[in-house]
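Below is one structure; the comments refer to it alone.
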Amino acid sequence: MKKYLYVSIIVLIIGVILITIYKYREQDLGELVNMENVDKVHIITEYKDSYEFEISKVDQETINKLANFLNQYKVKLTNQDGWISNNEDERFELYLGYKNGEIEIYTIERDVVVSNRVYKVVNAPLDYKWIQELERDINSK
């Protein structure tokens, strides 16, 4: 009986360790935001007092460009509860509409990605000028 108890405890401990390692692993930013299921995109790089918009469908080429851009950055989950912006001039919001109808908002800064959790960009800084150009391309269509 004791033998089964010890084996069960060891299996439980190993399971918790594996789940923790998986949760805090380094991953592509594109994988984190689930770019494979995105069909709507809206980017805000400049904040105005009152800004209304409708998140709209974009072509597959634009989604692929954004996915390639995001996939070049690696992120890792942190233990931070809150987040304070350190680089306001290099921050943007990424609104993603998924094929299942859900919408997610990501605040991305030079070296931080914030959604419902805070992620550190391992190979920071993000190319802010590139994202500004993509925003202009999307808004001009």
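Since every read-out is calculated from the coordinates, none of them should be taken as a lab result. Fair warning: this is a prediction, and the values are worked out from it, not measured in the lab. Positions of Cβ are backbone-derived with ideal geometry, glycine not excepted, and every protein chain shown enters the neighbour counts.
Considering (1) crowded, with 16+ Cβ neighbours inside 10 Å; (2) touching a Gly at 6+ places or on another chain (Cβ under 7 Å), the lone condition that residue 103 does not fulfil carries the number (1). The residues listed here are 57, 76; of these, the one that is over 18 Å from residue 116 (Cα atoms) and not β-branched (Val, Ile, Thr) is 57. Is it the case that some residue within the range 111-126 is over 27 Å from residue 21 (Cα atoms) and of a type outside the set (Val, Ile, Thr)? No - not one qualifying residue is present in the range 111-126.
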